[in-house]
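To start, the structure itself, in structure tokens.
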Amino acid sequence: MSDQQAQSVAFVRDTMLPQEAPPASQTGPVKWVRDNLFPDVFNAVLTLIALFFIYKILAGFLPWLMGGLWTTASLAECREILDGATGGCFSVLTERWNQLLFGFKYPPDQYWRPTLAFVMLFVAAAPLLFAMYVPSKVLYFTALYPFIAFWLIWGGTIVVPLVALLGFIVGYMAFKKVEAASFAGALGAAIVSAAVVWFVGGFLSDAMSGVLALPEVPSRDMGGFMLNFILGVVCVSLSLPIGILLALGRQSDMPIIKWICVVFIEFIRGVPLITLLFVANVVLAYFLPPGTTFDLILRVIIMITMFSSAYIAEVIRGGLAALPKGQYEAADSLGLDYAQSMRLIIMPQALKISIPGIVNVAVGLFKDTTLVSVISMFDLVGMIRGPILASTEWNGVYWELWGFAILMFFPVCYGISQYSQWLERKLATDHR
Amino acid sequence: MSTLSDPPVESFRPSQLINDTRYRSYTFQVIALICLVGLFGYLLSNLFQNLADAGLNISYEFLAEPAGYDINQRLIEYQSQSTHLRASIVGVLNTLLVAVVGCVLATIIGVVVGVLRLSKNWLISKVMSIYVEIFRNVPVLIWILIVMAVFVAVLPQPRDFRGENAEASMFLDLFAFTGRGFNLPMPYFTAEWASGGTGWLVVIALIVAAIFGTRMIGTRATAQQEATGVRPKTWQFTLGIWVVPMLIAFVVMGLAWEIPELKGFNFKGGIFARNSFIALTLALSIYTAAFIAENVRAGILAISKGQTEAAASLGLRPRRIMNLVILPQALRVIIPPLISQYLNLTKNSSLAIAVGYMDLTGTLGGITLNQTGRAIECVLLLMLFYLTISLAISGIMNVYNNSVKLKER
Amino acid sequence: MKKTVILGALTVAGLTATAAAAATLDDVKARGKLNCGVTTGLVGFAAPDANGEWDGFDVGVCRAVAAAVLGDASAVEFVPTTGKTRFTALASGEIDMLARNTTWTFSRDVDLKFEFVGINYYDGQGFMVPKELGVSSAKELDGATVCIQTGTTTELNLADFFRANNISYEPVPIETNAEAQPLYLEGACDVYTTDASGLAATRAAFEDPSAHVVLPEIISKEPLGPLVRHGDHEWGDIVRWTLNALIAAEELGVTAANIGEMSGGTDNPEINRLLGSEGNLGEMLGLDADWAMKAISAGGNYAELFEANIGESTAIGLSRGLNAQWTDGGLLYSPPFR
């Protein structure tokens, strides 16, 4: 080629020049910066403002974080050591670590129990959350988990959860036996037989109160982040089935049942959770039989469960409404009865649609468990506001403690909502 | 040839109540009704039994009795000798104040953040998503307490302003930002006839008139545009309508500013925004704004790209595409969740009790309940109030939804 | 988890459900524990220590009652209550008695249907201010910002006091003593007001107590005492006379130290009746003959409880003042044990 070129006309080029790299302004980081940070004057100003704020925040935050102290015994000592230098007194976290996590009354030698229950929660939740990756055998463990967790956290003899478990098993077997005849009858049979087992078991557990007994911890002694977690997990799992029933009731064509559900849902959704907690705290006791008293934590669980089940019911109702009518008609035309068509056709689809909504409710509920601090329960927020900030040693440590609270809540809530988005993508079977 | 025999005459058998779908629903409903009535009867009988045992009764007479306590923020006249009912009304107004201010602030922040999150500017959109994620995923109670902690621990207290070389000083000598709240200069009218509420009535009247004037100019301009094809410049008239009468009014009525001053223990004079009010409003609005931003973003993304392209191919400029094509459609998607966010904000305002803001939960559900011991009555009234508000808001939402529903062909 | 809760409900209901509301004594005996309502934490009166053990002057009364009824001073379940929850907790039967520095007032006694069994501390509402403010009298507090605990008589007294003196103030309502402390210390309020004993206890918990002064004005009468529900007079008698036994023991010179030898019998017939070696006072209450002896041995007599928890030798440093025996010019006066 080069020979030819040499012979061709001097100023006509008939071969291509080798490709040149794009000019520096049109490639690499420079182009990226220009396109994404300074495309026009307005955006440039915005970028500069944002950079300024980021700098300000980091300039305040990093020295505080890096210069922090972790081992002093009180705020006064910490301030003395810092001697005017910037730095956080994170020693409040190390010193009160157990109180922040478990409250100030859970027996320290028993901390391994809630910790173990917490770890096992992940194993138990795995088959529900990641059904496609976890062998379904683990589901048996999930079914057992509530009983194990109860025994671990509250202590007492293992006979109590065993009897409860037995009641459910017997109830389930009774249900299976009668199911073929009639769904409603089977439900009745299950309830009756389970009740019988629990009744008999009540005497049994009284008699055998020493069998495999862990030291009992009254629920009044629960506190710290553990309390938030217990309330969140218990109330969400309890409110799911109730929410499904309420949603079905609201969609039902039986007017009385429909109106009961509508009134319940709208009432609960119309009032703030805090008023429901007031009910649990100061009013509910009047509605119980004379002489009966429930633990505060149990009353709170009842009210929060009612609260979240109303919200979950609305989410599921949305799912039910989104299903095309043809699904209902197809189920009917197959000759399925109401229970069967709901269980086999409608619910699996409706629940799938409503998962993101349910997860949102769950996250919201978990955040709302902090409200119990307002009725003087010592959850994480209650611990910080009450015993820790009022103690002589740590009077005035705000940022370290509130930063810690954010650090506890953010990953959990963010993680769950990311999970729900992931699941939504995973379950999206329609192609858009 | 076979004869069609008549179907057997139906006689009603009790088993049909369970097995026949025609009757079964009645059975269920009757059972449900009996259970419900039974449950309520049981709870109420417990209630009456308990009340009788304790020698108490249900009565709302306490509402007419003197409350005996003072409320720091009162929008209507109230003293400690006023009734519990009046204390509750003060609380209701305080709740509504937080709700309204909070909703406005949350909408402004939320819309700005939601739009900026879609910005092509990488840094801005990242910063905005960090804001949204952090605020959405931490309980609002913690935010309220953190903002309150800023007031308590960071801002200077009035005592720091005192003395020769005080640690803190007023901003521009006009604004006092203290840990107890913000004192801002307050405008007032020195002319005698305007010093009451009249001066402000005049200002409001002028604003209303200016709005009408602006609209009239707009209509004129449109008419002229239709006729000649050229839209006349109108901004100078609009500006005049807004500014000139207002300036004249201010001069005539003698506008002056009341500057806050440190007197005794506290700053006196000017407008005082209490720390609890600011903490509650600010925390609620930045928290709710994070949700609103998500709604706004989702609403804008829900409009398919074809709409933008179609509008662009008609020759519309980006801003007009936004105003004429995207927003009207996006609003349909945005507004229903927006209103439920307003509802949430209003309900969350009951967390006022955590910072000592005297809203309805603080007066009726707090001090009145404590002082009178009428727990059932107070909690019932409290729930009734919030229920009324949320039913009213969802009523409005339904009306709106029906009015913007897509008219399907 | 749902099963856990059902189970929890069953067990809890099984544990705590009791047949009749009237016979509190039977309930307590059957339960083997006394449920005693106390504050959420006020050093000196009732506060949990580092190990979660409750300690304080009010706690001492609870322990004395538990010892008298059950013979075991540690058989008490302390239920922390706030100003808001305390009366409901008592009315609903969640607690058997309330010992939470509660002021005896007409409306609480008559309208709320409680029975105050006596007075264990004569108190009055006072004001605490930082020394640097240079305030020497409550009448100089015009325009001040005042932190008050809501749900107490103090906020009503406060309103009355400022109205009577025709001076203005800005109230900052607070749920618990713990929340009030940081607000006051950081200067978000100029004044903290509560019962004088509570002020002393709060100040004792400060890093530098000497930087704060309690103003001389005491603006109200605050007779603090334990209370029980209306209607169960037998139970009310037990709590009342346990408190009286503690007061009488001081008057008669019976202490936790010498009670052993005194219970054998002394020359003083009233001591003998009190400690059960003579007469049958215990039987009349439905308790053992040595009920008062157990109550006194639990934490000592009134003076010993006072000195150990709030007296001058403690950080709180309250003097006896009105709370001295009537023989020493105070107001403590136990009816005779006869």
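The values are calculated or read from the model by the stated rules, or taken from the named source; none is laboratory data. Nothing here was measured: the structure is a model prediction, and the numbers come from that model. Don't worry about glycine lacking a Cβ; one is built from the backbone with ideal geometry, like all the others, and counts go over all protein chains shown. Remember, those area values only see protein heavy atoms, side chains included, never the ligands or the DNA or RNA. Shrake-Rupley method; radii C 1.70, N 1.55, O 1.52, S 1.80 Å.
Quick look at the values:
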quantity: Spatial separation of Cα centroids for the stretch B:60-114 and the stretch B:209-255, in angstrom; calculated: 38
quantity: Under 5 Å, built H, 5+ apart or other chain: amide partners of B:GLU258; calculated: B:MET186, B:TYR188
quantity: Neighbour net charge for B:GLN225 - beta-carbon separation under 14 angstrom, K R +1, D E -1; calculated: +2
quantity: Span from the the stretch A:220-248 Cα centroid across to the the stretch B:259-333 one, whole angstrom; calculated: 34
quantity: Total lysine pairs under 25 Å (Cα atoms) in chain A, excluding pairs fewer than 8 apart on one chain; calculated: 11
quantity: Average beta carbon contacts from partner chains per residue of A:367-379, 10 Å cutoff; calculated: 5
quantity: Chains B and C together, accessible area buried on both sides, 1.4 angstrom probe, square angstrom; calculated: 2900
quantity: Accessible area buried between chains A and C, both sides summed, probe 1.4 Å, in Å² to nearest 100; calculated: 3800
quantity: Interface residues, the stretch A:380-397 - accessible area loss of 40 Å² or more versus chain alone, probe 1.4 Å; calculated: A:ARG385, A:ALA390, A:THR392, A:ASN395
quantity: Heavy-atom accessible surface of chain C: percent carbon and sulfur, 1.4 Å; calculated: 52
quantity: Net dipole in debye of chain A [+1 Lys, Arg Cβ; -1 Asp, Glu Cβ; about Cα centre; nearest 20]; calculated: 700
quantity: Of C:PRO336, B:TYR131, C:GLY83, farthest towards positive along the dipole that unit charges on Lys, Arg, Asp, Glu beta carbons give the protein assembly as shown; calculated: B:TYR131
quantity: Selection from C:SER263, C:SER297, C:ILE218, by position along the positive dipole direction of the stretch C:150-307 (Cβ); calculated: C:ILE218
quantity: Accessible area per residue, Å², the protein assembly as shown with all protein chains present, probe 1.4 Å; calculated: 47
quantity: Helical contribution to [θ] at 222 nm, DSSP H n ≥ 4, -39,500 (n - 2.57), averaged over chain B, rounded to 500; calculated: -20000 deg cm²/dmol
quantity: Accessible heavy-atom area order of A:ASP14, C:ASP111, A:ASP379, A:ASP253, highest first, probe of 1.4 Å; calculated: A:ASP253, A:ASP14, C:ASP111, A:ASP379
quantity: Relative contact order, percent, chain B [alpha-carbon distance under 8 Å, six or more residues apart]; calculated: 22
quantity: About the Cα centre, charge dipole magnitude for the stretch B:109-268 (Lys/Arg +1, Asp/Glu -1 at Cβ), debye; calculated: 680
quantity: Average other protein chain Cβ within 10 Å of Cβ, residues B:144-153; calculated: 5
quantity: Neighbour net charge for A:GLY415 - beta-carbon separation under 14 angstrom, K R +1, D E -1; calculated: +1
quantity: Sum of side-chain charges, A:ARG220 neighbourhood, beta-carbon under 10 Å (Lys, Arg +1; Asp, Glu -1); calculated: -2
quantity: Farthest toward positive dipole pole in the protein assembly as shown [+1 Lys/Arg, -1 Asp/Glu at C-beta], among A:PHE203, A:GLY224, C:PHE127; calculated: A:GLY224
quantity: Kirkwood-based shape ratio for chain C, expressed as Rg/Rh from alpha carbons; calculated: 1.00
quantity: Calculated [θ] (222 nm, deg cm²/dmol) that DSSP helices of n ≥ 4 give over chain A, each run adding -39,500 (n - 2.57); calculated: -21500 deg cm²/dmol
quantity: Solvent-accessible area lost in complex, 40 Å² minimum, residues of the stretch A:227-262 relative to chain alone, 1.4 Å; calculated: A:VAL234, A:LEU238, A:MET254, A:ILE256, A:ILE260
quantity: Order of exposure, largest accessible area first, which applies to A:LYS105, B:LYS120, B:LYS268 with probe 1.4 Å; calculated: B:LYS120, B:LYS268, A:LYS105
quantity: Helical contribution to [θ] at 222 nm, DSSP H n ≥ 4, -39,500 (n - 2.57), averaged over chain C, rounded to 500; calculated: -11000 deg cm²/dmol
quantity: Buried accessible area, chains B and A (both chains, 1.4 Å probe, Å² to nearest 100); calculated: 4900
quantity: Relative contact order (percent, whole number), chain A, Cα cutoff 8 Å, 6+ residue spacing; calculated: 16
quantity: Relative contact order (%) - criterion: Cα under 8 Å, at least six apart; region: the stretch C:42-172; calculated: 15
quantity: Distance from the stretch C:86-120 to the stretch B:168-187 (C-alpha centre basis), Å; calculated: 46
quantity: Only Lys, Arg (+1) and Asp, Glu (-1) charged, at Cβ; the protein assembly as shown dipole about Cα centre in debye; calculated: 6000
quantity: Reciprocal of mean inverse Cα separation for the stretch C:200-258 (Kirkwood radius, Å); calculated: 15.5
